[in-house]
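Here the structure comes first, spelled out in structure tokens, and everything after it is commentary.
The values are calculated or read from the model by the stated rules, or taken from the named source; none is laboratory data. Just so it is clear, the structure is predicted and the values come from calculations on it, not from any experiment. Cβ sites come from the backbone with ideal geometry, for glycine too, and all protein chains shown count toward neighbours. For the accessible areas, the whole protein counts, side chains as well, though only heavy atoms, and no ligand, DNA or RNA atoms are used. Shrake-Rupley method; radii C 1.70, N 1.55, O 1.52, S 1.80 Å.
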Amino acid sequence: MTGSGAAPLTIVVSGPGGVGKGTIVNALVRRDPRLWLSRSWTTREQRPGEPDDAYVFTDPATFEQRIAEGGFLEWTEFLGNYYGTPTPDPPPGADVVLEIEVDGARQVKEVCPDAILIFVLPPSREEQERRLRGRGDRADRIYARLRKAEEEEPIGKALADYVVVNDDLETTIQEMLEIIENARRARAQAT
Ligand code: 5GP
């Protein structure tokens with residue numbers, strides 16, 4: 001069953017910066033209209049050329065106010081900024097996709113044990129660094145993100161239900177669509 005009666009699946013896509021998570025989740029929601037992508041809040045500055053709707057860009061006071069109101073499914077501090085997932089409100093029948101870092105993924109697993117956690121790895125550190133540089137971040141921020149990635153990798157692998165190496169984008173997307181379809185089939189059998 002995929003209709004409005006079934007509880008939504010929560011699909012968490014996590015992985016180090018520069019691994020291509022953003023591109024992947026955007027492709028997933030384009031190809032599968034039953035997927036609904038959550039838009040996170042952040043206090044980080046918008047990057048040059050970054051779309052206005054990449055995040056809800058906000059200030060720390062507003063973010064903290066929302067924490068106090070219990071308005072986040074999860075939130076964390078990542079390299080000096082807040083990031084958080086507002087309590088999801090998908091349209092009926094849709095499944096939820098979150099693109100978040102590993103501390104957030106761990107929190108989602110705690111409150112929502114059925115969430116499917118897919119951890120994405122870069123094909124190599126060199127490729128990851130190349131992708132991070134291509135985004136126009138400052139050099140010190142790129143190094144901070146690479147160090148953070150090394151820290152996140154073992155944690156993410158241990159938490160994950162599935163680990164996918166994003167070598168070829170098309171193969172990665174197909175693999176993930178299959179994981180989601182299998183989860184839908186399992187949900188239909190369980191209801
Ligand atoms: P960036 O600054 O590169 O856009 O994001 C930094 C990290 O924060 C990435 O790993 C990204 O997946 C993660 N992130 C984005 N939104 C959220 C969120 O709502 N919650 C958490 N925990 N992490 C997020």
Exercise. Using the Karplus equation 6.51 cos²θ - 1.76 cosθ + 1.60 (θ = phi - 60°), what ³J(HN,Hα) coupling, rounded to whole Hz, does each residue of the stretch 168-179 give in order, writing x for Gly and Pro?
Worked result: 10, 4, 4, 5, 4, 4, 4, 4, 5, 4, 5, 4
For this session: Express as a percent, rounded to the nearest 5, the fraction of DSSP beta bridges in the chain (both residues included) that run antiparallel.
Result: 30 percent
Exercise. Is it possible to state the helix-based mean residue ellipticity at 222 nm for the chain, with each DSSP H run of 4+ residues giving -39500 (n - 2.57), the sum divided by total residues, to the nearest 500 deg cm²/dmol? What is it?
Worked result: -14000 deg cm²/dmol
For this session: Positive end of the charge dipole of the chain (Lys, Arg +1 and Asp, Glu -1 on Cβ, about the Cα centre): tell me which of GLY104, PRO123, LEU146 has its Cα farthest that way.
Result: PRO123
Exercise. In Å², what does the accessible area per residue of the chain work out to with a 1.4 Å probe?
Worked result: 52 Å²
For this session: Can you list which of the trypsin sites (Lys or Arg not before Pro) found in the stretch 78-160 are DSSP loop residues with at most 13 other C-beta atoms within 10 Å?
Result: ARG138
Exercise. Dividing the alpha-carbon radius of gyration of the stretch 6-81 by 2.2 N^0.38 Å (N being the number of residues), what value is obtained?
Worked result: 1.23
Exercise. What residue among PRO154, PRO113, PRO51 shows peak mean-square fluctuation when the chain is described by a Gaussian network model with Cα springs under 10 Å?
Worked result: PRO51
Exercise. Just from the alpha-carbon atoms, what are the Rg and Dmax of the stretch 85-190 in angstroms?
Worked result: 15.7, 50
For this session: Return one quarter of the surface area of the convex hull spanned by the alpha-carbon atoms of the stretch 1-152, equal to its mean projected area, in nm².
Result: 9.6 nm²
